[in-house]
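Q: Sharing a structure here in structure tokens format.
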Amino acid sequence: MNQVQVLTLLVLLPPLISFAWNGVVIPWRRAGKPAAWLSILAILTSFVASLVLAKTVLASPGPYSWEWTWLPFQNFKPIIVGFYIDPLAALMLVVVTLVASMVQIYSLGYMSEEPAGSLGRYYTYHSLFSFAMLGLTASASLLQIYIFWELVGLCSYLLIGFWYQKPSAANAAVKAFWTTRLGDVGFALGIVVLWAHTGTFALPELFHKVEAGQIATSILALTMLLVFFGAMGKSAQFPLHIWLPDAMEGPTPVSALIHAATMVAAGVYLVARIFPLYSHAESVMTFIAYIGSFTAFFAATIALVQEDIKRVLAYSTISQLGYMMAALGVGSVMAGFFHLFTHAFFKALLFLAAGSVIHAMHTNDIWKMGRLAKPMKQTAIVFIIGTLALAGVPPFAGYFSKDEIIIKVVESGMVLPAIFALATVFLTAFYMFRVVFVVFFSHREPEGHPHESPAVMTGPMWFLAALSVVAGFLFKGLFEKFFGHAAEAMETAQEAATAASHVPGWLPILTLILALGGILLAYLIYQKEAISHERLRAQFRPVYVMLQKKYWMDDIAYFLYRRVLVGGLSVICGWFDRYIVDGIVNLVTWLTRKSGEILRLLQNGVVQDYLYGVIFGLILFILLGIF
């Protein structure tokens, strides 16, 4: 085995070993803390190995792939499993292990009041989740990706519903599971159709075939659209976004893990991973650009009126994922994945900081908080750093990646996505600083007795805060070097030059003005109180109600579930089962009974009748033999 293979196994195996040990050795898991330390040690080992792997791969990009036969077939190509490591996968492994490490360390403080057995179960789920996400990242075939994809979905169900005794948590877990499964139906159909026309699931072979023009354009467009449905579910794109806000019912560290760089980023990573296929399906790319940009704007408007601090961050996550999808839709892997990279740090930071506030205040309601900057100085500072990064204010990380996306969207010439992207800049800054001013600087007295979180919680937050400051300008050159060539994959050189000539030089200044304008408006309304937010709410009551109701998307989904799926489809299935399936079984039973009753008449116990029957049968066989 070469160095890359060994390092890949060192990234993948520690969380799997941790899960197996914690899962099988029951007394160890029920002890709580030993299971937690084993899980943390495992993910830290993976993190160190991923750093070494990334250094190795970036020094010599490869790609590196190796495969084994999984299912051999006599008349068909065997199905293989293996790993495919290139700069994209190597950097994603670093992001996943880093965020998972910080979340697991932070959880030692946040989950300190959990019973020992419950804590052990929590960390067991974490190990399995980390292994599933790492396996998805490194997989060399679409079928293997799909297997790990579904395992990620299962783990998210377990983690979101961790406090299963709460009906809201149990319902949120089921909602997340079934909503993402709906998209995964398209994913499964897409890879099966692609395999039927290519005979392979292997990524290198698929990339070669599409470059050689061996896949029909119509088939490629159909399969890529179906696969994107799976990405829409995992990455919470409209209209399959409805599960993610409810997923806040899980523990806050779970929210940071799922909504920062792991589960919700899986859809974005999938599109980037198989971008050579998407780049030859232009109609699907356009669809992705429109869905992504609309999702960014749509979720940002809902975040304006949320009163639960975690739900504000949840809709912010949906919005930022929309940005990433929009970048991929206009053909820029670099911009989309760069924003995934930076967003992982500042969004994990914001969730952990929100968890610190919730841990101290025992409430999620921002209106029950206030003046927390003084008793919770560290949490306030890191939350503001994360907010500035999310709002795209220089020199924080989000400024570099978000501006890159907006430039690429404007370059594409798509007017509506560009408008959505620019409007979302203003909305993001406004709703995030609304939270900052209300929670940390408002004039109201907080309920309860706020206090700073312990070092085991503030330590990971400061580490992520540092990355949120420096990741943008430190790594932009790296991303341009390894991914910039794919940014124009859909365009000819002439089209790219023409598009670039229409991009105004003041566009970055405009985005900064929009961000600062959002901050200023939030300050005037929620801190200075020069504008009454109650009066605004009353004047724009219909709009406020629409946003509070989340455009009635949850109500529509509930109606479709209760009336169409349960009330309609289940009735049809019940009728079919009762009258067709049971009817066939009952008919066979009736025919058997009737035939038995008829045959019983021949068995009357009279020997002479039996003799007549034998003679008649013998004569019949003789006649058949003659004629």
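The values are calculated or read from the model by the stated rules, or taken from the named source; none is laboratory data. Bear in mind the structure is a predicted one, so any value in this text is a computation, not a measurement. Here the Cβ is made from the backbone with ideal geometry for all residues, glycine too, and neighbour counts use every protein chain on show. Areas reflect the complete protein model, heavy atoms only, side chains present, ligands, DNA and RNA absent. Shrake-Rupley method; radii C 1.70, N 1.55, O 1.52, S 1.80 Å.
Q: Tell me the helices (runs of 4 or more DSSP H) entirely within the range 1-78 that contain at least 3 residues that are surrounded by 14 or more Cβ atoms within 10 Å (Cβ to Cβ) and modelled with pLDDT of 90 or more.
A: Output list reads 3-24, 33-59.
Q: Right, here's the next one. Only one of (1) assigned to a helix (DSSP H, G or I); (2) open to solvent by 10 Å² or more (accessible area, probe 1.4 Å); (3) in contact with a helix residue (DSSP H, G or I) (Cβ under 7 Å, 6 or more places away or on another chain) is not met by residue 144, so which one is it?
A: Checking residue 144 against (1) assigned to a helix (DSSP H, G or I); (2) open to solvent by 10 Å² or more (accessible area, probe 1.4 Å); (3) in contact with a helix residue (DSSP H, G or I) (Cβ under 7 Å, 6 or more places away or on another chain), the one that fails is (3).
Q: List pairs: first residue in the range 176-194 and touching a residue at least 60 places away in the same chain (Cβ under 8 Å), second residue of a type in the set (Lys, Arg) anywhere in the structure, Cβ distance under 6 angstrom, at least six positions apart or on different chains.
A: 180/234
Q: For residue 368, state whether it is within 21 Å of residue 291 (Cβ to Cβ) and either basic (Lys, Arg) or touching a strand residue (DSSP E or B) at 6+ places or on another chain (Cβ under 9 Å) (or both).
A: No; evaluated as a whole, the condition is false for this residue.
Q: Report, by residue number, each residue of the range 194-210 that is of a type in the set (Phe, Trp, Tyr) and not in a helix (DSSP H, G or I). Talk me through it step by step, then tell me what you get.
A: Step one: filter the range 194-210 for residues of a type in the set (Phe, Trp, Tyr), giving 195, 201, 207.
Result: 201, single match.
Q: Kindly indicate whether any position in the range 178-196 is aromatic (Phe, Trp, Tyr) and at pLDDT below 90.
A: Yes, the conditions are met somewhere in the range 178-196.
Q: If you scan the range 218-247, which residues turn out to be buried (at least 23 other Cβ atoms within 10 Å of the Cβ), part of a helix (DSSP H, G or I) and of a type outside the set (A, V, I, L, M, F, W, C)?
A: Of everything in the range 218-247, those that are buried (at least 23 other Cβ atoms within 10 Å of the Cβ), part of a helix (DSSP H, G or I) and of a type outside the set (A, V, I, L, M, F, W, C) turn out to be 223, 230, 233, 234, 245.
Q: May I pose another question? Against the conditions (1) touching a Gly at 6+ places or on another chain (Cβ under 6 Å); (2) outside any helix (DSSP H, G or I), where does residue 184 fall short? Just the number, please.
A: Going through (1) touching a Gly at 6+ places or on another chain (Cβ under 6 Å); (2) outside any helix (DSSP H, G or I) one by one, residue 184 breaks only (2).
Q: For the range 99-118, which residues satisfy the criterion of being open to solvent by 10 Å² or more (accessible area, probe 1.4 Å), in contact (Cβ under 8 Å) with a residue 40 or more places away in the chain and not hydroxyl-bearing (Ser, Thr, Tyr)?
A: 102, 105, 108, 114, 115, 116, 117 - these are the residues of the range 99-118 that are open to solvent by 10 Å² or more (accessible area, probe 1.4 Å), in contact (Cβ under 8 Å) with a residue 40 or more places away in the chain and not hydroxyl-bearing (Ser, Thr, Tyr).
Q: Further question: Select from the range 301-323 the residues that are over 17 Å from the mean Cα position of the chain (by Cα), among the β-branched types (Val, Ile, Thr) and either farther than 19 Å from residue 546 by Cα or open to solvent by 10 Å² or more (accessible area, probe 1.4 Å) (or both) and list them in ascending order.
A: 301, 305, 309
Q: With (1) in a loop (DSSP other than H, G, I, E, B); (2) touching a residue at least 12 places away in the same chain (Cβ under 8 Å) as the list, and residue 213 as the residue in question, which single condition is left unmet?
A: (2)
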